[in-house]
Amino acid sequence: LGVVAFASATAGGVLFAKLMNMFSKEKINPMIGAAGVSAVPMSARVVQRLATQEDPENHLLMHAMGPNVAGVIGTAVVAGVFLSILGG
């Protein structure tokens, strides 16, 4: 179940980044969208590994940690909202 959740969140991040690139003037790397999964540091390292396979001079780890930590913060906020709604 965890692997399916990680894979679907990663795919969703890539697809959303590609959708953003259609409408924005300044393009972003879709791999950064994949780093938005709140699995620290696993998703950022996956993005780094894929980037260096494509181009050995490409170092995205610190750029990938930003959306990675933002995913953690978003998860904590949503969990707080769920607790406040369901907790009564």
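Every read-out reported here was derived from the displayed coordinates using simple, explicitly stated rules and does not represent laboratory data. Only a predicted model underlies this, so the values are computations on that prediction, with no experimental measurement involved. All Cβ positions, glycine included, derive from the backbone under ideal geometry; neighbour counts span all protein chains shown.
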Looking at region 43-71, which of the residues that are of a type outside the set (Asp, Glu) and loosely packed, with under 13 Cβ neighbours inside 10 Å is nearest to the chain's Cα centre (by Cα)? 62
Being without any contact (Cβ under 8 Å) to a residue 60 or more places away in the chain, hydrophobic (A, V, I, L, M, F, W, C) and either touching a Phe, Trp or Tyr at 6+ places or on another chain (Cβ under 7 Å) or surrounded by 13 or more Cβ atoms within 10 Å (Cβ to Cβ) (or both) is the requirement here; does residue 39 meet it? yes
Could you check residue 16 against (1) of a type in the set (A, V, I, L, M, F, W, C); (2) out of contact with any His (no Cβ under 7 Å at 6 or more places or on another chain); (3) buried (at least 17 other Cβ atoms within 10 Å of the Cβ) and say which number it fails? (3)
For region 66-82, check the following and say yes or no: at least one residue is of a type outside the set (A, V, I, L, M, F, W, C) and in contact with a helix residue (DSSP H, G or I) (Cβ under 7 Å, 6 or more places away or on another chain). yes
Name the single residue, out of those in region 74-88 being of a type in the set (Val, Ile, Thr) and closer than 18 Å to residue 6 by Cβ, that is surrounded by the fewest Cβ atoms within 10 Å (Cβ to Cβ). 78
